[in-house]
2 protein chains.
Amino acid sequence: MASSAAAIVFSDSPFRSSPLIHTHHVSRYAPRSVSVSVVSPSRRASRRGLAVKSALIDPDGGKLMNLVVEESRRRVMKREAETVPIRIKLNRVDLEWVHVLSEGWASPLKGFMRQSEFLQTLHFNSFRLEDGSVVNMSVPIVLAIDDDQKFRIGDSNRVTLVDSVGNPIAILTDIEIYKHPKEERIARTWGTTARGLPYAEEAITKAGNWLIGGDLQVLEPIKYNDGLDRFRLSPSQLREEFIRRGADAVFAFQLRNPVHNGHALLMTDTRRRLLEMGYKNPVLLLNPLGGFTKADDVPLSWRMRQHEKVLEDGVLDPETTVVSIFPSPMLYAGPTEVQWHAKARINAGANFYIVGRDPAGMGHPTENRDLYDADHGKKVLSMAPGLERLNILPFKVAAYDKTQGKMAFFDPSRSQDFLFISGTKMRGLAKKKENPPDGFMCPSGWKVLVDYYDSLSAESGNGRVSEAVASA
Amino acid sequence: MASSAAAIVFSDSPFRSSPLIHTHHVSRYAPRSVSVSVVSPSRRASRRGLAVKSALIDPDGGKLMNLVVEESRRRVMKREAETVPIRIKLNRVDLEWVHVLSEGWASPLKGFMRQSEFLQTLHFNSFRLEDGSVVNMSVPIVLAIDDDQKFRIGDSNRVTLVDSVGNPIAILTDIEIYKHPKEERIARTWGTTARGLPYAEEAITKAGNWLIGGDLQVLEPIKYNDGLDRFRLSPSQLREEFIRRGADAVFAFQLRNPVHNGHALLMTDTRRRLLEMGYKNPVLLLNPLGGFTKADDVPLSWRMRQHEKVLEDGVLDPETTVVSIFPSPMLYAGPTEVQWHAKARINAGANFYIVGRDPAGMGHPTENRDLYDADHGKKVLSMAPGLERLNILPFKVAAYDKTQGKMAFFDPSRSQDFLFISGTKMRGLAKKKENPPDGFMCPSGWKVLVDYYDSLSAESGNGRVSEAVASA
């Protein structure tokens, strides 16, 4: 299909092998500018939350949180941040959570969890608001500090959070410090304490013995300057875009892998079903996860390039698809995490959520089996407190139909006609520069994968560790 | 105090060292006969649940479950149980859960959990009923079977459950078999997977790879014939007793340890507070746990004898105290289990629940620390879904006040005056036949503990394993 149909075009990617591309047709899927503040003047009445007036699903708690300081107050707040004596350095995952919180993906959370929120998350995957209503919250969004930091904070009631080079990012106020029960946190979030859980190794095991909760005031919108910031639409921006398009249903698809034609079939079929249900203009939120992922997942920049090709190729319709990056880190916590993935998309305006086999799952880190039962994710999601308003759309399983030469919904009555191509098999083929069966993925998308693995082996051949992998 | 004030008197204890005692004053705390069916004819309208009409708190789900087959149908059902081809043998803990379920402590559960209930318990500590309301349910009540049993069951839709010598106990109908995710179950229930968790070792690790859920029809009331059955009042019987006494508030105290004067102070003080709140006749449900406990806990028969002495001694007032055994096994699952302990007592008619430091806690099995933060239990309990109707009464900490020579509420302003006597210290003293400080426990109650440890060392001196310990 002609590239004029493409909805995603990249520019200024920091990765060596990325082509320099310019933007066109960007209005199909994203506001032209996302570098300015999300909050339009008319919506600034409430500093902490903005009431969204539209036919879209209400955010959790009724108000979409916006924790970024208004532009008019930024100068003052930045000066104030410099005067706070205690500074806590954020690591990569911490910063991703600041991003998530700042834009209201975790509404009604106003900052890093205090103990009552943390305990309710661990035990109930949800918490009760003052008005008695219940919102879902299944993964702890917490900030760890060590003994020395706790000692230095003493009786202070606020701290400044800074990035890796010391730039102030946010002020955390009305702080509460409580013990970091690492083993219990891991056991209750993942249902295992086996070593080798990627997120636990990255962000918990080596982290401090204390957690610090409080309200966040983020000094300006979080940017990564990696050429992809334009694709990081906040829930508020996504809602504006859905309203602009006149969407009467929004269905979200979470992904952290390259899109193949099975996924595309599913998304297309979902739209068909929604039209049959009477919706006039269902819009797809294709929302690849942009935060921390494990080392053998395909890095975000390559995935975004692959998604671009899929849209260029017409496999998905840019007219009814919004592609945007979900800034959360990935926990690989299966049935616990899929609730977070769904809940965050409610805040972004989605009232339908597509869920498949083994969502947010992975292999058991020390045993030769999947960590989660493949059916638990969708079952848990369908029963989760606080998600009653969300329509859960379970996957049909798609597989490669050898008789048709394309991806199709699996028909158990002629199972011999179908070929299941796992992620492992897909990666194996791409690494060996072999082609998958025709119709599995559009050739231009497949080429991106081959190029990615090629770039890895070229780099490791040079005796250097791939930057993309090291940072993934 | 005169023994005429005693409310608990034992008879026919199977333990060798138990004295033979006869019953008197039993009506103060228990119906005279508990061996007949709980269900009075007028309440038999609904086979599955009986609507309780009183001023007491409603059972969870509105109806107290009674899964024991009516007397008129027992003969038929027993014949039917004999004809069911598949028989599953219950172990001790399984039987305790059948007991718990049969009497409605776990209302509205009608039998061993099916997968949807199991998953909601693990992830949300609660489940949603068909009418949309939420009830608390924090510990899995499940029955494990092995591969061979699953194979033999095949497509059958019911099985007969039998005791250790093959006597039919119950029929499980409309069965559902699903995988037993042992590691995940342990991690999400205990917040650790460390080896040495007593319940996990007893009932999970070696159990089968499958769980079987379904509706229970229990052939007759569960009895242990250990001389203590008279003290095992069902929730229905307890409700009748509270109504008979004209209780306008019922406050429950869960325990699995000997009662010392600090506990007594607390219970007495709670009653005083309730009277101050305007209640005219608050009644205490002193509800020692009667099921599986870990090997170093004092066995039930000895604890009951100790409780008897405490009441005889007038430390607690028999007029306003109902002592009865709670048939559940003990999980030592801290903040998760305390919810179960509280929820079960709602079903028994309690609308106030006393909770202390580290409820249902224990030492970490492999690390030199407590398994749970001592404050988490009461915090989690106070926020737990489905327990909003229950009034949580957090403990004040009682300790031995050296200046008064008695147990008193700890006063931090003169902490040097107080002595904390831990369970470990108490056991150590009793083992060495030493006395605790005067006023820690009534002397006759203390003597029971000394006698217990004496009986253990006498038996181990004979080269025999103590029956009491082996079965604890």
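For a paramagnetic label modelled on B:E388 (point 7 Å from Cα along Cα→Cβ), amide N atoms under 18 Å away belong, within region A:88-128, to A:108, A:117, A:120-121, A:124-128. Each copy carries a label point for A:R87 at 7 Å from Cα along the beta-carbon vector; from one copy to the others these points are 7.6 nm apart, nearest first.
Note on B:114-127: average number of Cβ atoms from other chains within 10 Å of each residue's Cβ is 5. In a fully extended conformation the segment linking A:N91 and A:K179 would gain 29.7 nm over its present Cα-Cα distance, using 0.36 nm per residue. Note on chain A: dipole from Cβ charges, positive end direction compared against A:A264, A:T336, A:H123; the farthest Cα belongs to A:A264. For B:K433 and B:N368, the FRET efficiency from 1/(1 + (r/R0)^6), where r spans their Cβ atoms and R0 equals 22 Å, is about 0.20. Each of B:T83, A:T205, B:T403, B:T320 was scored by other Cβ atoms within 10 Å of its Cβ. Arranged with the fewest first, they read B:T83, B:T403, A:T205, B:T320. The calculated FRET efficiency for B:A55 paired with B:R272, based on their beta-carbon distance and R0 = 22 Å, is about 0.55. The value of relative contact order for chain A, using C-alpha pairs under 8 Å at least six residues apart, is 18 percent.
Taking Cα centre as origin and charging only the Cβ of basic (Lys, Arg, +1) and acidic (Asp, Glu, -1) residues, the dipole magnitude of chain B rounds to 560 debye.
Could you work out the helix-only [θ] at 222 nm for the protein assembly as shown, with each DSSP H run of four or more residues adding -39,500 (n - 2.57) and the total divided by the number of residues, to the nearest 500 deg cm²/dmol? Here the helix-only value at 222 nm equals -9500 deg cm²/dmol. So, in Å, what gap is there between the alpha-carbon centers of region B:94-109 and region A:354-410? Answer, in whole Å: 34. Largest first, the three principal axis extents of the alpha carbons in the protein assembly as shown are 96, 71, 54 Å in whole numbers. When B:T121, B:T424 are sorted by how many other C-beta atoms sit within 10 angstrom of their C-beta, beginning with the fewest, the order is B:T424, B:T121.
In nanometers and ordered shortest first, the copy-to-copy spacing of the A:K431 label point, defined 7 Å from Cα toward Cβ, is 5.6. Computed from point charges on the beta carbon alone (+1 for Lys and Arg, -1 for Asp and Glu), the dipole magnitude for the protein assembly as shown about its Cα centre is near 840 Debye.
Among the listed pairs A:K309/A:K447; A:K110/A:K182; A:K402/A:K425; A:K343/B:K378; A:K396/B:K179; B:K89/B:K223, those with a Cα-Cα distance over 19 Å are A:K110/A:K182; A:K343/B:K378; A:K396/B:K179. For region A:229-462, the Cβ-based charge dipole about the Cα centre amounts to some 220 debye (Lys, Arg positive; Asp, Glu negative; other atoms uncharged).
Taking other C-beta atoms within 10 angstrom as a stand-in for reagent exposure, A:V310, A:V134, A:V218 fall in the order A:V134, A:V218, A:V310, fewest first. Across the copies of the chain, A:R73 has label points (7 Å from Cα along Cα→Cβ) spaced 6.5 nm apart, shortest distance listed first.
No value in this document is a laboratory result; all are computed from the given coordinates. Everything quoted here is computed from the prediction, not taken from an experiment. Cβ sites come from the backbone with ideal geometry, for glycine too, and all protein chains shown count toward neighbours.
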